[in-house]
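These notes concern the structure reproduced below.
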Amino acid sequence: MSRLEAKKPPLFISEPLTRDAVSQSLSLLSGILKSSYGPAGRLKQLHNGVGGCVCTTSQSSALVGRLSLSQPVLRVLTASVQNHVSRFSDCGLFTAILCCGFIENFRSLNVAPFTVIKISKHLLSLCMDHLKSEACGCRVSVDFSSVETLVCLVRSILTSKPACMLNKTEVDHLTSLVLRAFIFTVPCHVGTNAVLGKCVVIPVKGGRVVDSAVLPGLLIEAPEVQLGKPLAVKRTGSNMIKIALFSVSMSGDGSNPEEGTIAVHHGVSLQVSELNQLLNAGRQLVKDEVGLVVCQKVMHPSLKQYLKEQGVVAVDRAGLSLMEPLGRLTGSQPIASIHSLPPGCYGSLKDLCVESFASKHFLHLIPGDTVICSLILCNRSETAWDELKRVCETAEHVLQLTVKEPLALLGGGCTETHLASYLRHKSSSLPASTLRDLGCSQTQYRLVAEGFCRALESVARALSHDGEEVLTDVVYGHCWFVPPASPCVSRWSDLVSKCGCGVSGSTEDLSWSFLQGQSGSPGLQGCPQEPPVKAADLRVLDCFAAKCSGLQVALETANLILDLSYIIEDQN
């Protein structure tokens, strides 16, 4: 019997946030995230050190999940961010940077964690109430009868990821495509339970971005289809194309364990028997006037040839990802057995044609009425295409969220600095009854409020990567960026023209103060005012639902980490 190693006792780590290793790891993570933030964010190249795929990105959905973290505290933080991104797709870096800022600012205060948590929750409630009020100066209503605000929202997402390597013409083209694709997914007839459709991204790597297109219906890659030849397809008496959708293998290789045990008599060829069964199924399809057969897996060449001779178009290797949109598009039910073809399993199409993009040929399935569309996405390299696909999917999800809650927030750091100005104003005149309810002194409240505000402002400062000075005005509380190496002037208005979001201009009678380091910015003389918002002036917008969730997740995660007194690790 081999010798067994003695079981090791668990490792107890008390007050983990006071440990140098945790502090250094948190600071390093915060630096990585901040340097990736915004349109000028620096790219990160991630690989596992033993070969495999290399990912070049600045997106949180790709970045956070690929980081290898040894500190349990950081794993809690990144897990919260990943959960937020899985639900909202957007504002992942905002959430992570803000959470790091909360932890770094709150842990340095000489205030008990329990008190910090209570005060910060009150500050969060002030933020959320302000963001949801009509008087909020950083909230914009989204009017779906006009595309200006929607264009700004989509363009802000596309330009925030430099790894896509897009120029202005390409951004404008993709913005138009994403909006058209989204409109295709909105049902024309809205009932009590309206459901948005789906946009399927079709990859064309190596093509030009401006060759990207959006088509109603669905594209299925079909290398065997020849372009230029008329597509002879069988139609029903009502001039529709009947479609059968198979989720089972039709290769005839007998590799379907779900079909049960097969008993073969002596002298009978299993391969011939299976082929005959496939051909019988093909004859039934022809008899039922099916014009298009799509198989998720492999189809036997003899069956494909037979169907072709009968005027039936056959496509195999469609893949699992297309099965759900195919079912929604055509109304067909996936067939799981070649031995049973119930009449109700078939769907229908209005038309079928061939499309070509770059060197690829596709069958274009055109329905009578659909909420399914195809976005043919082209980009020059595989890395840029992967990044662009994630960005376009994020933009589609943000538009879906905006339908549910037709609001947006000013981007470019202006929402963060505006909220910081608002909180400083509110904390300067807090009722004594609120302090009693929170069980804290006014000094403690102001310390935590200042830490909260500095964390918000650190997100705005993270947008500066090339040495720009970051300012905030004392009227609206918006964020302004002074170009690096600017000449010394007597007035800031000679150097800045627009704030980060584009709403406020330097022609107004404004004064500015610095956003620098840990000093924070001085509070406004009064509550920040609401600037007049014109859709034509907007340069950057953020998703309202995603940013509000990110603010809540960042604080809740920071409070959870601040409240940790022990980490217990199993050493076995």
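At a glance:
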| item | result |
| --- | --- |
| Radius of gyration and maximum dimension Dmax of region 118-192, Cα, Å | 17.5, 49 |
| Cα principal axis extents for region 1-153, largest first, Å | 77, 46, 29 |
| Accessible surface of the chain, 1.4 Å probe, proportion on carbon and sulfur as whole % | 52 percent |
| Links that overshoot a 32 Å alpha carbon limit, given the list K161/K404; K198/K426; K118/K161; K121/K404 | K198/K426; K118/K161 |
| Computed lengthening from N276 to K168, 0.36 nm per intervening residue step minus Cα-Cα distance | 33.1 nm |
| Packing-based order for 451-458, 383-390, 429-436, 351-358, using average beta carbon neighbours within 10 Å, highest first | 451-458, 383-390, 351-358, 429-436 |
| Spacing of the two label points (7 Å from each Cα toward its C-beta) at E15 and T443, in nm | 2.1 nm |
| Debye intensity ratio I(q)/I(0), log10, region 356-469, q values 0.13, 0.20 Å⁻¹ (C-alpha model) | -0.81, -1.17 |
| Per residue value of the accessible surface for the chain (all protein chains in place, 1.4 Å probe), Å² | 47 Å² |
| Region 279-412 - Kirkwood radius from inverse mean 1/r over Cα pairs (Å) | 17.8 Å |
| Fraction in percent of alpha-carbon pairs per bin - 10 Å, region 36-89 | 22, 47, 30, 1 |
| Scattering curve values for the chain, log₁₀ I(q)/I(0), Debye with Cα scatterers, q = 0.05, 0.08, 0.10 Å⁻¹ | -0.30, -0.69, -0.93 |
| Peptides 204-211, 29-36 ordered by average Cβ neighbours within 10 Å, highest first | 29-36, 204-211 |
| Estimated inter-spin distance, A112 and N48, nm [label 7 Å along Cα→Cβ] | 4.8 nm |
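The values are calculated or read from the model by the stated rules, or taken from the named source; none is laboratory data. Model, not experiment: these values are computed from the prediction. Backbone-built Cβ (ideal geometry, glycine too); neighbour counts: all protein chains shown. Side chains included, ligands, DNA and RNA excluded: accessible areas come from the protein's heavy atoms. Shrake-Rupley method; radii C 1.70, N 1.55, O 1.52, S 1.80 Å.
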